[in-house]
Amino acid sequence: MEKAKADNFSITERKDFILTKGRQKDQLRCGEDSIAGVVSQRACVYCGARVVLNPVTDAVHLVHGPVGCASYTWDIRGSLSSGSDLYRFSFSTDLKEHDVIFGGEKKLTLAIAELAQKYNPKLIFVYSTCIIGVIGDDLEAVCKAASKKYKVEVIPVQSSGFAGNKSAGYRAACDALLRLIEPKTIEPGFYKEKRKKSINYLGDFNLAGEVWIIKNYLKQIGIDVNVAFTGDSSYEALKKATGASLNIVQCAGSMIYLANKMDELYGIPYLNVSFLGIEDTAGSLRKIAKFFNDLEIMRKTEELIKNEKTKVSAVIQFYRERLTGKKAAIYVGGGFKAISLIKQFKEIGIDVVMIGTQTGRREEYETINDMVDDGTVILDDANPSELEKFMMEKGAHLLVGGVKERPLAYKLGMAFIDHNHDRKHPLSGFVGAVNFAEEVYSTVCSPVWNYVTGTGAAFPAPQRAKII
Amino acid sequence: MLDCTPKEIIERSGGVINPAKTCQPIGAIYAALGIHNCLPHSHGSQGCCSYHRMHLTRHFREPAMATTSSFTEGASVFGGVSNLKTAIKNVFAIYNPDVMAVHTTCLSETIGDDIPSIIKSAEVPEGKLVIHANTPSYQGSHITGFSNMTKGMVNYLAEATLENKKERLNIIPGFINPGDMREIKRIADLMGIKFIMFPDTSGVLDSPMTGQFNMYPRGGARIEDIKDAGNSKLTVALGSYASSDAANLLERKCKVPAVTLNTPIGIKATDNFIMTLRQNFIKEVPYLLEEERGQLVDIMIDTHYHFHGKKVAVFGDPDIIAGLTEFILSLGMLPVYVLTGTPGGTIGGPQGIFEKEITNMLTEAGIEGKVKAAGDLFQLHQWIKNGPVDLLIGNTYGKYIARAEDIPFVRVGFPILDRSMHPYLPVVGYKGAMRLLELISNALLDRVDRDACDEDLELVI
């Protein structure tokens, strides 16, 4: 890999975080703290924990801190529920100066008491924020006392914002989930005896109902989903997570820690899967079928893949013809999504010319490097000026990103799709592949771009000439 | 669906449910973006900055730039001095703004970082400026943060350098959309008055498509203008919560007299604004404004029977809803619930001002209503469950209540995350009042059409 031209950056510390794929074998630096004074697109520990746990539908999600942290995360996840709506409420202890000076434990105790009384929930998550880490409230003790008193499970989430980045928050969330799962330990060999065709689905948050699509596929091939972590999940369902004989992990960035822990504690093995794109979906279903080593399941899997592919192939072909030759730039949260997107774009004839993540891991960057063409720019924790520079240099037609990247792309006259919380239709499975192609087409080929002239949105040159 | 609010009213003291406010720093960023060539900087964890940018981006559908000190565990133990110094160095080296506007967060406030002394000891390039505001998230709300950063502008920039004041007006517009700021400037222009507006986010967060990404769009108050604001003869602060403090500081610092007016929403507040300009600058009100006012009154008369006696719940930021409440009353509607999440007093100053002001308006109109500062939307929802209303006015978060109770809903305020156009089209001035009338009457009449039986559906309403 050849280092990207870093001369244009006044900030030399960023050089090692950007690579252009080539022949040399340098390593991309990643997974480190952002540099002070840059416009980072990254979030914090609390954010990581909140996005993982928020889809637990019947829990009270109580944010312990000043109001902001709760305000900004109020119902932004876009994860759907088939049951309770309690998770869409915003609960905050709304700490004031007095609490910061004298400690927030009293107010927290009161808040839990009131919420326990009002909603009678089975589960309350209490999130720690920056300030809690500094003033030193004993979350464990308060939660323990409240659990006992109100007969409700109150689980502290150690997510003080400054204690790492978003990945540390994923881990804090996984730790909170582990405390829920029962029994706490299991005899070795338990699952070999009683292996059922039931799995846990880790790392899908049911955005736009994606968990439901995958559950449906699995049902068709004869496999039950015990519980999804955490899309459309509930207290009771999560508690019984040990009832599954296999964990499948989609968003590895957030859930691989939990998968490893469940393997270690309960002997539940896991498989990495991805249901983004046709090939990944088919491959993942086959992988699951193979695990169970059951001829009937394998037969049904092949049948499902064949049927679904037939259903979508004409539509995909339609878009492929219209999109071939377009170039895409990707900047997403985690590595798993980035990898899947490269494949998804290939399916519709689009090349990826720039790819980056906020929190990708080393092995994910290696996979990305193996997949992309020479000349593709790979970058970790990019800032908007870097994104702009490489997208323009590489002539990207489209950016895939999250909330903050959308207006950046638009300002550059570039199409955009949201592959994050703001997605409005499912992107999983075969049907998701069609939605994806449709969305890419509807933005890349929209007539609105015709009005962005070379000199910006000014009057087109001939008209102006006439006026003068 | 989404109806987790019980009807039975419960007294609470352990925090908020469904907040009607957010924290100070986002207001500070919004204010700082109203200076041309300014980069806001968040002195705290990177999550704060990320959330503020995300929230602003969702409301304005524009890039919202800000940098962060990226606190880690080390910074939280040993203080953020080196983070801020590094940040100052990097910000000017990479992004080259003319001014960097630092605000604090709950984290850096609790640790106790002394920002002025850090700024003094940092390497700030020649000709560049660093200003700051303390914006602890555990006090006040986003409105307080906006006020504090605006105060910071006066504190660091404004100077009285002339013996005699210039025949010129300072306008501090408050936490309103860029389109509203444009409308206020248009009115001042029409009056033929020279003015300086700060902060001014028009041209920054409503910037046009150019095919280029400009980190610093063309708009924003010029630094030299904010400096020169100390030489103006009058400051009009629009909104006592977002703008008064800065105007009062300017009065103390540079002897520029300050007048606080309500945000000019509705006919009465707009009249007040224009009358204040006329009196102080001895100007005639141009026919164009008279005509607009006349048109507004004409429309109010044409449509008043749609509004009369309708019960309304209003929530949002205090300056905005003071104007909205007054306007609703002028239409013959009954604002029976008025709620803000922002505390109703000033820090260390008198309390309960918000409740008093709004209650006076209601009493004068002979209406009994519930008025609450530092409230939350759970409480508003409980009120509505116990005494229904015909219309809900507020920011996007009202949509849950509107849906649960099946009430027509008009979106006004911050944030609006599920509709567009609000940053461009004003709600202030006579034109803004016309727009409000359109929004309100469309909401009410769409409901009439929706609920009408076939035989009752009217072509002409």
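Okay, here's what the table says:
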| quantity | calculated |
| --- | --- |
| A:Phe436, sole failed condition from (1) at pLDDT 80 or above; (2) part of a loop (DSSP other than H, G, I, E, B); (3) under 24 Å from the mean Cα position of the chain (by Cα); (4) not acidic (Asp, Glu) | (2) |
| Residue tally, condition within 18 Å of the chain's Cα centre (by Cα) and open to solvent by 50 Å² or more (accessible area, probe 1.4 Å), over the range B:114-154 | 1 |
| Hits in the range A:408-453 - residues which are more than 11 Å from chain B (Cβ to nearest Cβ) and without any contact (Cβ under 8 Å) to a residue 40 or more places away in the chain | A:Ala415, A:Phe416, A:Ile417, A:Asp418, A:Asn435, A:Glu439, A:Ser442, A:Ser446, A:Pro447, A:Asn450 |
| Conditions (1) of a type outside the set (Asp, Glu); (2) buried (at least 24 other Cβ atoms within 10 Å of the Cβ); (3) touching a helix residue (DSSP H, G or I) at 6+ places or on another chain (Cβ under 7 Å); number of the one not met by B:Lys85 | (2) |
| Members of the range B:248-273 that are closer than 17 Å to B:Ile176 by Cβ, assigned to a helix (DSSP H, G or I) and open to solvent by less than 30 Å² (accessible area, probe 1.4 Å) | B:Ala269, B:Thr270, B:Phe273 |
| Any helices (runs of 4 or more DSSP H) falling wholly within the range A:96-210 and containing at least 3 residues that are facing chain B (nearest Cβ under 10 Å) and modelled with pLDDT of 90 or more | A:97-102, A:105-119, A:130-135 |
| Flag if A:Glu405 is touching a residue at least 12 places away in the same chain (Cβ under 8 Å), facing chain B (nearest Cβ under 10 Å) and out of contact with any Lys or Arg (no Cβ under 8 Å at 6 or more places or on another chain) | yes |
| Flag if B:Ile26 is buried (at least 24 other Cβ atoms within 10 Å of the Cβ), touching a Phe, Trp or Tyr at 6+ places or on another chain (Cβ under 9 Å) and under 25 Å from A:Ser71 (Cβ atoms) | yes |
| Where B:Phe78 falls short, out of the listed (1) more than 9 Å from every other protein chain (Cβ to nearest Cβ); (2) crowded, with 24+ Cβ neighbours inside 10 Å; (3) within 27 Å of A:Ser159 (Cα to Cα) | (2) |
| In the range B:155-197, the residues that are touching a residue at least 24 places away in the same chain (Cβ under 8 Å), open to solvent by 70 Å² or more (accessible area, probe 1.4 Å) and assigned to a helix (DSSP H, G or I) | B:Asn155, B:Tyr156, B:Arg182, B:Arg186 |
| From the options A:Leu53, A:Leu62, residue that is more than 9 Å from chain B (Cβ to nearest Cβ), open to solvent by less than 10 Å² (accessible area, probe 1.4 Å) and modelled with pLDDT of 95 or more | A:Leu53 |
| Matching residues, the range B:17-43, being in a loop (DSSP other than H, G, I, E, B) and either more than 7 Å from chain A (Cβ to nearest Cβ) or β-branched (Val, Ile, Thr) (or both) | B:Ala20, B:Thr22, B:Leu33, B:Gly34, B:His36, B:Asn37 |
| Unique residue being within 14 Å of chain B (Cβ to nearest Cβ), in a helix (DSSP H, G or I) and either open to solvent by 20 Å² or more (accessible area, probe 1.4 Å) or modelled with pLDDT of 90 or more (or both) when the list is A:Glu393, A:Glu363 | A:Glu393 |
| Boolean, B:Asp245 is part of a helix (DSSP H, G or I) and under 18 Å from B:Val428 (Cα atoms) | no |
| Condition broken by B:Glu123, with the remaining ones in (1) farther than 30 Å from B:Ser76 by Cβ; (2) at pLDDT below 95; (3) charged (D, E, K, R) satisfied | (1) |
| Which listed residue is modelled with pLDDT under 95, touching a Cys at 6+ places or on another chain (Cβ under 6 Å), outside any strand (DSSP E or B) and more than 22 Å from A:Lys411 (Cβ to Cβ), from B:Gly74, B:Gly47, B:Gly14 | B:Gly47 |
| Residues that are away from chain A (no Cβ under 11 Å), without any contact (Cβ under 8 Å) to a residue 60 or more places away in the chain and among the charged types (D, E, K, R), drawn from the range B:102-137 | B:Asp114, B:Lys120, B:Glu123, B:Glu126, B:Lys128 |
| Count of the range A:342-360 residues which are surrounded by 21 or more Cβ atoms within 10 Å (Cβ to Cβ) and either in a strand (DSSP E or B) or under 13 Å from the mean Cα position of the chain (by Cα) (or both) | 9 |
| Condition broken by B:Arg61, with the remaining ones in (1) facing chain A (nearest Cβ under 9 Å); (2) within 27 Å of the chain's Cα centre (by Cα); (3) buried (at least 24 other Cβ atoms within 10 Å of the Cβ) satisfied | (3) |
| Counted residues, the range B:400-455 - those being farther than 18 Å from B:Ile265 by Cα and of a type in the set (Lys, Arg) | 4 |
| Qualifying residue in the range A:39-48 (condition: open to solvent by 10 Å² or more (accessible area, probe 1.4 Å) and among the polar types (S, T, N, Q)) | no |
| Selected residue [hydrophobic (A, V, I, L, M, F, W, C) and open to solvent by 10 Å² or more (accessible area, probe 1.4 Å)] from A:Ile256, A:Ile288, A:Ile268, A:Ile248 | A:Ile256 |
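Residue-by-condition table, conditions (1) of a type in the set (A, V, I, L, M, F, W, C); (2) surrounded by 15 or more Cβ atoms within 10 Å (Cβ to Cβ):
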site: A:Ser92; (1), (2): no, yes
site: A:Leu108; (1), (2): yes, yes
site: A:Asp138; (1), (2): no, no
site: A:Ala146; (1), (2): yes, yes
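The values are calculated or read from the model by the stated rules, or taken from the named source; none is laboratory data. This is a predicted model, so every value here is computed, not measured. With ideal geometry, Cβ positions are generated from the backbone for all residues, glycine too; neighbour counts draw on all protein chains shown. For the accessible areas, the whole protein counts, side chains as well, though only heavy atoms, and no ligand, DNA or RNA atoms are used. Shrake-Rupley method; radii C 1.70, N 1.55, O 1.52, S 1.80 Å.
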